[in-house]
Ligand SMILES: *Cc1c(COP(=O)(O)O)cnc(C)c1O
C-alpha cells in the first residue's frame, strides 16, 4: 500500500472516531484532500485509494492539475485567496469555491461561470477570530454576503469556511470552531426565515485541517480540508500569490 493510501485510511479512521465521539454520523463529514504543492501523480495515488474530492489553493497550479487529470471523475475545490484577475480560471475549471470573501469576487465568479456548467458551489470564507494574516469576511458582514451570493444566478450558496489562527490548544481550537458553527446556524436560520431562494442548500461547514479536525468535527464541521496528513509535509515554499485584489 502506498503512503498516501495508508494516510487516507488513517484520516478516515480519525474522522469516524471524532464523529462517533461527537454523536454524529461519520457519513456527515466529507474529506477534502488538499493537494496544493503536490503533483498530479500524488492526486492519482489518492484517487486510486478512493479519494474523489480535492482542494487547491493556487489558481494556476490547480488549473494545471485539473487539466492533466481531466480523465478522472474528480471534484475540485478552490480554497485559497483569489485575485480578481484569476476568477475566470476558477469559474471555468473548479466545481466549488470556499474562499469567497467579498462582493466583487462573487459577482465576477457568477458572471464568468460558463452557462453550460452547473452553478459554482460556494462557501463564504469568514474570519471568525479576527486573525490579521488571512482573508475572510467579518462575522458581522457574512450574512449580507451570503444573501448576495444566494441571489447570483451562476452561484449556489452552500455554507461557510473558516481557518482559525494556528493553535496547539484543543480548547482554543474548539472555541473558535464553535463560533463558526454558531454563525453558520444563525445565517441558515435567517435565510430560511426570509424564504431566500436556495436556502435549503445551506449545508456545508468547511472547518478543520490536519491538526484540528477532531475539534472541528465536534463543533459540527461537515467537511474537513486535509493536506499534510495525507500527502506529507509541504517543503516547497508555496508559490506566493498576492491576496490583494
Ligand atoms: C493548506 C490548507 C489546508 C490543509 O492544511 P493541512 O494543515 O496541511 O492539513 C486546509 N485549508 C486551507 C484553506 C489550506 O490553505
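Before moving on, here are some points about what is shown:
- Once region 78-91 is narrowed to residues that are outside any helix (DSSP H, G or I) and under 19 Å from residue 33 (Cα atoms), the residue that is nearest to the ligand (Cβ to nearest atom) is 79.
- If only residues of region 212-236 that are surrounded by fewer than 16 Cβ atoms within 10 Å (Cβ to Cβ) and touching a residue at least 12 places away in the same chain (Cβ under 8 Å) are counted, the one that is nearest to the ligand (Cβ to nearest atom) is 228.
- Residue tally, condition touching a helix residue (DSSP H, G or I) at 6+ places or on another chain (Cβ under 6 Å) and assigned to a helix (DSSP H, G or I), over region 191-212: 3
- Candidate set: region 106-128, residues that are under 28 Å from residue 179 (Cα atoms) and surrounded by fewer than 23 Cβ atoms within 10 Å (Cβ to Cβ); chosen: the one nearest to the ligand (Cβ to nearest atom): 127
- Yes/no for residue 48 being touching a helix residue (DSSP H, G or I) at 6+ places or on another chain (Cβ under 8 Å), touching a residue at least 24 places away in the same chain (Cβ under 8 Å) and under 24 Å from residue 211 (Cβ atoms): no
- Residue 72 being touching a residue at least 12 places away in the same chain (Cβ under 8 Å), in contact with a helix residue (DSSP H, G or I) (Cβ under 6 Å, 6 or more places away or on another chain) and under 21 Å from residue 205 (Cβ atoms): no
- Complete set of residues in region 195-211 that are away from the ligand (no atom under 16 Å from the Cβ) and touching a residue at least 40 places away in the same chain (Cβ under 8 Å): 196, 197, 198, 199, 201, 202, 203
- Long-range neighbours under 8 Å by Cβ, at least six apart or interchain, first residue over 26 Å from residue 91 (Cα atoms) and more than 14 Å from the ligand (Cβ to nearest atom) within region 152-172, second in a helix (DSSP H, G or I) and at pLDDT 95 or above: 170/214; 170/215
- Flag if residue 137 is crowded, with 20+ Cβ neighbours inside 10 Å, within 16 Å of the ligand (Cβ to nearest atom), modelled with pLDDT of 95 or more and closer than 20 Å to residue 221 by Cα: yes
The values are calculated or read from the model by the stated rules, or taken from the named source; none is laboratory data. Here the structure is a predicted model, which is why all the values come from computation and not from measurement. All Cβ positions, glycine included, derive from the backbone under ideal geometry; neighbour counts span all protein chains shown.
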